[in-house]
Amino acid sequence: MRCRLVIFDYDGTLADTRGPIVAAKQETMRRLGLPVLDEETCASTIGLTAERAFRETYPDFSDEMIRKCVDSYRAIFEKLMETSVPPLFPGVMEMLAGIASSGIKLSIASSRQDRMLTELLKKQDLYRFFPYILGGNADLKLKPHPDAVIRTVTDLHVCPEETLVVGDMPYDILMGSRAGAVTCGVTYGNASREELREAGADWIIDRICLLKDILEI
């Protein structure tokens, strides 16, 4: 495809954060006296903001209880990040370097809070690749709404048709397609090939290095 911009999701697409996310959610449940849900259930809302994830998990909870869940989860997750940085998926660093050297613009659209996202990118030596980042603190409607993609292409002066959105969850695919962008789902994250296909992904890949074929670089 003719591509001028690639917008990446972060969790489950660039970095393998499933372990600490699930651990932080389960520890939150223990601390608040809630039944501890299994890994698949905890992972099913990865890619959403912490608040929305807990609202989907506990639709009957009050705003106050959701806030307790969110605050506890974030504190636990940040503590985990003090001693351990999530690994990048194989080939991520090389792929980003290749895309950057080709002249294609790079950005991130993530539901993760800006401060933590920036800290993680710096620790992983990825921050240098992304001059434009939108985190969950941005004044935007959240995935799967297309706001983040629309804001990005507008600010970077790129047409949606020349933009590739890459993510591991159906929310990422829907966000991109609703903005008129081309979409690519990755199967090594937190959703299945079938879920990505049902969301309407234009491309589905098993390894990040296969982006070079889509981008023709």
Q) Restricting attention to region 63-72, does a residue exist that is of a type in the set (K, R), assigned to a helix (DSSP H, G or I), over 17 Å from R112 (Cα atoms) and not assigned by TED's automatic domain parsing to the domain that holds S110? A) yes
Q.
Looking only at region 138-150, how many residues end up being in contact with a strand residue (DSSP E or B) (Cβ under 8 Å, 6 or more places away or on another chain) and either surrounded by fewer than 19 Cβ atoms within 10 Å (Cβ to Cβ) or not assigned by TED's automatic domain parsing to the domain that holds A181 (or both)?
A. 2
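Within region 15-26, does at least one residue satisfy the condition of being touching a residue at least 40 places away in the same chain (Cβ under 8 Å), among the hydroxyl-bearing types (S, T, Y) and under 28 Å from F129 (Cα atoms)? Spell out the reasoning first.
Residues of region 15-26 that are touching a residue at least 40 places away in the same chain (Cβ under 8 Å), as a first pass: 15-21, 23-25.
With the extra rule that they be among the hydroxyl-bearing types (S, T, Y), the set shrinks to 17.
Applying the additional criterion that residues be under 28 Å from F129 (Cα atoms) yields 17.
Yes - at least one qualifying residue is present in region 15-26.
State yes or no: is G167 surrounded by 20 or more Cβ atoms within 10 Å (Cβ to Cβ) and free of Cβ contacts under 8 Å to residues at least 60 places away in the same chain?
On the way: surrounded by 20 or more Cβ atoms within 10 Å (Cβ to Cβ): yes; free of Cβ contacts under 8 Å to residues at least 60 places away in the same chain: no.
No.
Using the structure shown, decide if R128 is modelled with pLDDT of 95 or more, among the basic types (K, R) and within 27 Å of T41 (Cα to Cα).
Working: modelled with pLDDT of 95 or more: yes; among the basic types (K, R): yes; within 27 Å of T41 (Cα to Cα): no.
No; evaluated as a whole, the condition is false for this residue.
Can you pull out the helices (runs of 4 or more DSSP H) entirely within region 140-202 that have at least 3 residues that are more than 23 Å from D213 (Cβ to Cβ)? Talk me through it step by step, then tell me what you get.
Working: elements: 147-155, 170-178, 193-199.
Filter on region 140-202 gives 147-155, 170-178.
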Q | Among (1) modelled with pLDDT of 95 or more; (2) closer than 25 Å to V166 by Cα - the single one E27 does not satisfy | A | (2)
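Among the candidates E40, E56, single out the residue that is in a helix (DSSP H, G or I), under 18 Å from G167 (Cβ atoms) and free of Cβ contacts under 8 Å to residues at least 12 places away in the same chain.
None of the other options fit; the residue is E56.
From the list L126, L106, L117, exactly one residue is under 24 Å from K79 (Cα atoms), touching a residue at least 60 places away in the same chain (Cβ under 8 Å) and over 12 Å from the mean Cα position of the chain (by Cα). Which is it?
Working: L106 fails: under 24 Å from K79 (Cα atoms); L117 fails: over 12 Å from the mean Cα position of the chain (by Cα).
One residue alone meets the criteria, L126.
Say we look at region 79-105 and pick out the residues that are farther than 21 Å from I217 by Cα and not charged (D, E, K, R); which of these is surrounded by the most Cβ atoms within 10 Å (Cβ to Cβ)? Outline the logic, then answer.
Residues of region 79-105 that are farther than 21 Å from I217 by Cα, as a first pass: 79-88.
If we keep only those that are not charged (D, E, K, R) as well, we get 80-81, 83-88.
Numbers: L80: 18, M81: 17, T83: 6, S84: 9, V85: 15, P86: 20, P87: 12, L88: 18.
That would be P86.
The values are calculated or read from the model by the stated rules, or taken from the named source; none is laboratory data. Just so it is clear, the model here is predicted, and its values are computed rather than measured. Here Cβ is always computed from backbone atoms with ideal geometry, including for glycine, and neighbour counts include all displayed protein chains.
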